[in-house]
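Input: a single structure, listed below in C-alpha cells.
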Number of protein chains: 2
Amino acid sequence: MTVIVQKYGGTSVGTAERIRAVAERVAATVQSGIRCVVVVSAMGHSTDGLVDLANQMMNEPNRREMDALLATGEQVSIALVAMALQAKGIQSQSMTGWQAGIRTEAVHGAARIESIDTARLDALLASGIVPVIAGFQGIHDGEITTLGRGGSDTTAVAIAAALRADRCEIYTDVEGVYTADPRVVPVAGKLSVISYEEMLELATLGSQVLHPRAVETSKQHGVTLVVRSSFTQAEGTVITDMATMEGMRIVTGVATEKEVARIAVLGIPTMQHHLSEMFTALAQEQVNVDVIVQSVVKTGEVDVSFTVAEADVERAIRICEGLKALLGYREIMQELELSKVSIVGAGMITNPGVAAQMFAALETVGAEIKMVSTSEIKVSCVIANEQLHEAVNQVHRVFALDELNR
Amino acid sequence: MTVIVQKYGGTSVGTAERIRAVAERVAATVQSGIRCVVVVSAMGHSTDGLVDLANQMMNEPNRREMDALLATGEQVSIALVAMALQAKGIQSQSMTGWQAGIRTEAVHGAARIESIDTARLDALLASGIVPVIAGFQGIHDGEITTLGRGGSDTTAVAIAAALRADRCEIYTDVEGVYTADPRVVPVAGKLSVISYEEMLELATLGSQVLHPRAVETSKQHGVTLVVRSSFTQAEGTVITDMATMEGMRIVTGVATEKEVARIAVLGIPTMQHHLSEMFTALAQEQVNVDVIVQSVVKTGEVDVSFTVAEADVERAIRICEGLKALLGYREIMQELELSKVSIVGAGMITNPGVAAQMFAALETVGAEIKMVSTSEIKVSCVIANEQLHEAVNQVHRVFALDELNR
C-alpha cells in the first residue's frame with residue numbers, strides 16, 4: 001500500500017476555510033486508497049503574535065520557554081485539521097511532536113531530529129487512522145524542543161524517511177520550483193523534476209520554496225519530495241536523486257539575491273595567517289558571509305572580498321575593524337546596492353564552458369562582474385542592482401530556459 | 001520551609017501587563033523566603049477563540065482533539081509567566097500538565113486527577129526554581145486530557161495536596177468570599193474565614209468565586225485555601241476545616257440565584273414508582289435540576305415540583321411530556337421569573353429555629369415562599385424575582401451580617 005506524507009505550511013492552514021480545504025485534499029488522497037500522514041505548521045501568522053508576547057515578557061526570551069510557547073501554534077493546527085478530517089468521515093488523530101515520538105537533541109530553538117519512535121504512528125496507520133502531526137517540534141528528555149527555521153518541512157521528511165514512505169509532498173503557496181523568479185523573469189517555467197543537489201543550491205540561493213535542511217535530509221534518506229500548491233491541482237515539482245533522472249539539463253534555473261553588499265579588506269600581509277579568525281568572529285556575531293574571494297595583488301599582500309546582506313554591513317565592518325591589529329590590513333572598503341545572480345544545473349559537471357557563457361550573457365547587457373564564485377553545479381556572479389533585471393532575463397534566455405514554458 | 005501554591009485565573013493573566021504583575025507578586029513571595037508553585041489558566045478569553053475555531057471544523061468537535069486544542073491555552077500562559085519571572089531574576093520553569101506528572105482518568109473534557117507524580121516538581125523546588133504549571137490539563141496514557149469546568153482551581157488544590165503545601169492561594173478578580181453579592185446587598189462584608197462545608201454550599205449556590213470541585217478536593221485533603229484578589233493587597237478569605245475555626249457564625253452568607261423556573265408535575269398516582277426515571281431522563285439530557293419538593297395532596301396521588309434554569313424549561317417540559325404514559329400524571333405547570341435565596345452557616349446545626357427566622361424575614365418584605373429546601377447548614381427558599389432584592393437585604397440584616405462590615 002502506498003504511504004505518503006503531506007506537509008501543509010502556515011498559509012495552507014491560515015484560516016478555518018483553508019483548513020477545510022486541506023481536509024478535502026487529504027480525504028481525496030485517502031479515498032484513492034493511499035495511506036496518508038499529515039504534517040502541519042502553525043496557522044498563518046499566529047507564531048508572530050506569540051513571539052510578540054514573549055518579547056513583552058523579557059529581552060531575548062528564554063529558549064526553553066520560547067519552545068514551550070511556540071509549540072502551541074502547531075498543536076492548535078493539528079487538532080483543527082484532525083477535526084476537519086473527522087467532519088468528512090475520515091478517521092484521524094492529532095499528534096504533538098512528543099506523541100509522534102520525534103526525539104531531538106537537547107537544543108532549544110534549533111534542535112535536530114535524532115530519531116523517531118514510530119510505534120504509535122504505525123499503530124494508527126495499521127488501523128486506517130490518519131495521523132496529523134505537529135511540525136517543527138520534538139522532545140528531549142521530557143522537554144519540548146523546536147527545530148528552528150524550515151522545521152516543519154524537516155519534520156515531514158524525517159517522518160517520511162522513518163516510515164519509508166513512497167514520497168513526501170510539501171504543499172505551499174506556489175506551484176513548484178521555477179527556472180527563475182516569475183516576478184523577475186516573466187517567461188520562467190515550472191520544472192517538473194530537479195535533483196536534490198540542484199535544489200540545495202537553489203534553496204540556499206534564495207528560492208524560498210523549501211528549506212535546505214529539508215532537502216538535505218531528503219537526500220540523505222532518499223526521500224522523494226514533491227513541491228506543489230495547496231490551492232490548485234497543478235502537478236508540482238519532483239525533487240529526487242540525480243542518478244534517477246533521465247537526461248540532465250545543463251542549467252536548471254537562475255536564482256537571484258538582492259540587497260547584497262561587498263566588503264573588501266585590502267593589503268593584508270601574507271605572513272599574518274589570521275584570516276580564519278576574521279571569518280570566525282563574523283560567524284560568532286551571526287553575520288552570514290556568502291561569496292568569498294581572495295586575490296594576491298602584489299608580493300607579500302592579499303586582498304580579501306566577501307559579501308554579506310546589506311543589513312549586516314555596518315556590523316561586519318565594525319567586527320573587522322576590531323581585528324585591525326591582528327590582521328594588519330591597510331584599509332576596508334564597502335560597496336552597496338549589489339545583487340547576486342546564479343545559474344544552477346547538474347549538467348554543468350560534464351559541460352565545460354558554462355561559466356564563460358554566463359559571463360558573456362552578463363557582458364551583453366553591460367553588467368560589470370564584481371565577484372565570481374563557482375561550485376560543481378553552480379556559477380554565481382555579483383553585479384550591480386540596476387543591471388539585475390536585464391541580466392537575469394538574458395541568462396534565462398541564453399541557457400534556453402525560456403523554452404521550457406512553451 | 002513554607003511551601004504555597006498560587007493559582008492565577010484567566011483574568012489575572014489576561015494581558016502582558018497583568019502577567020508582569022503576577023510575576024511581581026510571585027517574586028515578592030519567593031523573596032520573602034517562601035517556596036512557591038504557580039498554577040495558571042489560559043489568558044483571558046483566548047479559549048473562546050479556540051472553541052470558535054473548533055466549531056467551524058465540525059459539529060460537536062471530537063473531545064480528544066478538543067483537549068489537544070484547549071490545552072494550548074494554558075501552555076501559552078505558563079511559558080509567558082515563566083519568562084516574566086526570569087525577567088525579574090527569579091529562576092523559573094514552565095510545566096505542562098504531563099510535564100508536571102498530573103495523571104488523570106481516561107476521559108476527555110472532564111477528567112478527574114488520579115495521581116500526581118511529583119518527582120520533577122520536587123527536583124525543581126529543591127533547586128529553588130519556581131515551577132509554573134498549566135492548570136486544567138493532565139495526561140492519560142500519552143493522551144492530553146482536560147479537567148473541565150473549575151479545572152485550574154482543582155489542579156492547584158491537587159498540587160498543594162500532593163506537595164503537602166502549607167496553603168493554596170486562589171487569585172481572582174474579587175477580594176474574597178462575601179456575606180452576599182455586593183451588587184445586591186451594598187453592606188455585604190468580606191468573610192475572613194469560612195469552612196469547606198459552607199463554601200461548598202455557597203459555591204453550588206452561585207457564588208462564582210471557587211468551583212465546588214476544588215473546594216471538595218481541598219476538604220478531602222485538608223488543604224487550606226485562600227481566595228484573594230490579584231489586583232489588590234487585601235487579605236482575602238481563608239477556607240478551612242470547620243473544626244479548626246473559632247466560634248461558628250450561625251449564618252455565614254446569603255446566596256442568590258436568578259432565572260429560576262419551577263415545574264410542577266401534578267397528580268402522579270402513587271402506585272407508579274417511576275419518578276426516578278423522570279429525573280434520570282432529565283439528567284441524561286443535561287437538564288440541571290436543583291430544588292425538588294414532593295408532597296402528597298390526596299390519598300394515592302403526589303405532586304412533584306422542581307426548579308431548573310429558565311433556559312432549560314422548555315426542554316425539561318418536553319422530556320416530562322414524553323414520559324406521560326409512564327408516569328400517568330394529570331398535568332404539568334410551570335412558573336417563571338423566580339429566584340432562589342439561601343442562607344448558609346455551619347452554626348445552624350446547633351441552632352434550631354434558623355429556618356423559621358428566615359421565613360419570618362421573607363414574610364416581612366411580603367415575599368411568598370414558593371418552595372423550601374434545607375440541608376444541615378443551608379436553607380433555600382424560592383421566591384418571585386421582584387421581591388429578591390428586598391428579601392436578600394432583609395435576610396442579610398436579620399442574621400446580623402450587616403455588622404460584619406463595620
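The residues on offer are B:Met95, B:Met43, B:Met57, and the sole one that is within 8 Å of chain A (Cβ to nearest Cβ) and on the phi < 0 side of the Ramachandran plot is B:Met57.
Taking every residue in segment B:284-310 that is of a type in the set (Phe, Trp, Tyr) and pairing it with any residue that is part of a strand (DSSP E or B) and modelled with pLDDT of 85 or more, at least 6 positions away or on another chain, the pairs with Cβ-Cβ distances below 8 Å are B:Phe306/B:Arg262; B:Phe306/B:Ile263; B:Phe306/B:Ile292; B:Phe306/B:Val293. Of the set (1) at the interface with chain A (Cβ under 8 Å from one of its Cβ atoms); (2) modelled with pLDDT under 95; (3) in contact with an Asp or Glu (Cβ under 8 Å, 6 or more places away or on another chain), all apply to B:Ala79 but (2).
Taken together, the residues in segment A:1-38 that are hydrophobic (A, V, I, L, M, F, W, C) and within 13 Å of A:Val132 (Cβ to Cβ) amount to 11. Looking across segment A:99-123, the residues that are within 12 Å of chain B (Cβ to nearest Cβ), outside any loop (DSSP other than H, G, I, E, B) and either hydrophobic (A, V, I, L, M, F, W, C) or in contact with a His (Cβ under 9 Å, 6 or more places away or on another chain) (or both) come down to A:Ala119, A:Ala123. Residues that are loosely packed, with under 12 Cβ neighbours inside 10 Å and in contact (Cβ under 8 Å) with a residue 12 or more places away in the chain within segment A:312-321 are absent altogether. What do you reckon, is B:Ala165 in a loop (DSSP other than H, G, I, E, B) and touching a residue at least 12 places away in the same chain (Cβ under 8 Å)? Criteria met by B:Ala165. When segment B:322-337 is examined, which residues are found to be closer than 25 Å to B:Val184 by Cα and either in contact with a Lys or Arg (Cβ under 6 Å, 6 or more places away or on another chain) or free of Cβ contacts under 8 Å to residues at least 12 places away in the same chain (or both)? B:Glu335, the sole residue that qualifies. Within segment B:282-335, the set of residues being of a type in the set (A, V, I, L, M) and more than 25 Å from the chain's Cα centre (by Cα) comprises B:Val296, B:Val297, B:Val302, B:Val304, B:Ile317, B:Ile319, B:Leu323, B:Ala325, B:Leu326, B:Leu327, B:Ile332, B:Met333.
Of A:Val398, A:Val344, A:Val392, all but one fail to be over 25 Å from the mean Cα position of the chain (by Cα), in contact (Cβ under 8 Å) with a residue 24 or more places away in the chain and over 29 Å from A:Ala281 (Cβ atoms); the exception is A:Val398.
Does B:Ile144 satisfy being modelled with pLDDT of 95 or more, more than 10 Å from chain A (Cβ to nearest Cβ) and either within 26 Å of the chain's Cα centre (by Cα) or over 23 Å from B:Leu53 (Cα atoms) (or both)? Against the criterion (modelled with pLDDT of 95 or more, more than 10 Å from chain A (Cβ to nearest Cβ) and either within 26 Å of the chain's Cα centre (by Cα) or over 23 Å from B:Leu53 (Cα atoms) (or both)), B:Ile144 does not qualify. Just one of the listed residues (B:Gly189, B:Gly176) is on the phi > 0 side of the Ramachandran plot and in contact (Cβ under 8 Å) with a residue 12 or more places away in the chain, and it is B:Gly176.
The values are calculated or read from the model by the stated rules, or taken from the named source; none is laboratory data. No experiment lies behind these values; they were computed from the predicted model shown. All Cβ positions, glycine included, derive from the backbone under ideal geometry; neighbour counts span all protein chains shown.
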